[in-house]
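A quick write-up on the structure given underneath.
The values are calculated or read from the model by the stated rules, or taken from the named source; none is laboratory data. These numbers come from a predicted model, not from an experiment. Cβ: placed from backbone, ideal geometry, glycine included. Neighbour counts: every protein chain shown.
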Amino acid sequence: MDRRQLVVDRTREIFADRLEDVLDMVRQDRQELRGWEEPAHVRAVLRRRLHEGGNESESSSVAVHENELARRAGEPDRGTQREGIGQLLEAGARGLERLIRRETSLAVEERLGLECVLLLYGRPAILLSQGRLDSVPSFWNILEDQREEVEMVQRGVGRIELLGHPDFDWAGTAMLVNENVLLTTRRTAESFVENREGNWQFRPGITTWMNYRAEHQEMASAGYRIRRVVGVHDSYDLAVLEVEPPQANQDGAPTPLVLAAQPPASLENRPVYMVGYPVRDARRNEPEVISRVCRDVYNVKRVQPGLLRNGFDFREVQLVRHDCGMLGQNSGSPIFDLETHQVLAMHLSGRYLESSTAIPLYALRDDPLLQRAGVTFSTISRQDLDNTTSQLERLARSRYWNEVRDTVANLYRRAFGNVATGPGNGQL
């Protein structure tokens, strides 16, 4: 498909009947960029280390030529950078106006502007810093409304760090699904394990760690040692690893995630979000302008909202499509239901501006490998979760709380595969 037509189709698909609302957002943010500081959600995606020695004597005007526009947008000087982003938003606004008038012909700068609008508003990649979610664009206010839940579950997502590997410092994304069990993709695990006569073992000289805090501006840490390979699935691109359990008393300790035991009532267009580590992939065809403007911080944890698409079968496995994040992804990222915050799927692969593929984990509820590893699935609804939480909150305020605390925690973990929280008490 022609690149311009692909951008037009994706813009109409994502924004649908809200094109005029998005146009108003873009115009307002463009106006704010004329001031001293950019809007909060724009500033969040523009974070970068400013290198000294930049050429500040060059003109701040931005030509409409694609390469020149990209170079100016990534210029270290703050004023020049803001103006470059502003002109991209102006071009995006003109492109939105054409789509509202049902025109399909776009100039080069208008197409680039629309891509910038898609990545800033439609499918953003929101940074996490010190466990906190950065500013969310107003198009995704539903994510802002559930900030606390998102910040809680992201603790169970981390990056597999490698020590002694000849080529890589880290392998990919994994999720904590029990006190000491990780799920990731087989392709990720094959970076540091190998099959020796039917037994999966670590490659000689490589040590692996789970780092749950590989976030923006976060100091590197060793994390938790990955001890062994529990198993690798015969059909699905999935591996199960044993890891050191998290320290329960540590502030912001990793929390085991809840896996959904069944699909949502309506799979198509279900609001979801993915937590993972977008990477720069030179094999993909993103324009340089998008790379430098919207994606200049790589390999750190981000939250990427989107929608589920249709499910389908591929040979003997079930798969599902989604459109969370149109950047270069790292496989193994969990995809959460935005209503229940349960894990619905695990990301496998995707291409820029196109839908991605994931494993629907509820299809593996009775899988022998996951059962043997003690992976817990939950059948609770949002209403069940709210009712249980309110009951726990009332109990936490009673004088009997200390007596039943451990019992309630064990029952809650068995029922929901997670650790409950009470007011003023953090974890149970």
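Observations, loosely collected:
- Hits in region 132-184 - residues which are outside any strand (DSSP E or B) and over 16 Å from the mean Cα position of the chain (by Cα): 138, 139, 141, 145, 164, 165, 166, 167, 168, 169, 179, 180
- Criterion violated by residue 228 - all others in (1) at pLDDT 90 or above; (2) surrounded by 15 or more Cβ atoms within 10 Å (Cβ to Cβ) satisfied: (2)
- In region 180-211, the residues that are acidic (Asp, Glu) and in contact with a helix residue (DSSP H, G or I) (Cβ under 9 Å, 6 or more places away or on another chain): none
- Test result for residue 222, of a type in the set (A, V, I, L, M, F, W, C), over 17 Å from the mean Cα position of the chain (by Cα), closer than 21 Å to residue 154 by Cα and modelled with pLDDT under 90: yes
- Here residue 105 does not fit the description of being assigned to a loop (DSSP other than H, G, I, E, B) and closer than 19 Å to residue 300 by Cα.
- Scanning region 340-362 for residues that are part of a loop (DSSP other than H, G, I, E, B) and under 15 Å from residue 268 (Cβ atoms) yields a total of 1.
Yes/no matrix, rows are residues, columns are (1) surrounded by fewer than 16 Cβ atoms within 10 Å (Cβ to Cβ); (2) not small (Gly, Ala, Ser):
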{"position": "95", "(1), (2)": "no, no"}
{"position": "102", "(1), (2)": "yes, yes"}
{"position": "108", "(1), (2)": "yes, yes"}
{"position": "111", "(1), (2)": "no, yes"}
{"position": "121", "(1), (2)": "no, yes"}
{"position": "124", "(1), (2)": "no, yes"}
{"position": "127", "(1), (2)": "no, yes"}
{"position": "132", "(1), (2)": "yes, yes"}
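- The set of residues in region 105-137 that are under 17 Å from residue 325 (Cα atoms) and among the polar types (S, T, N, Q) contains only 135.
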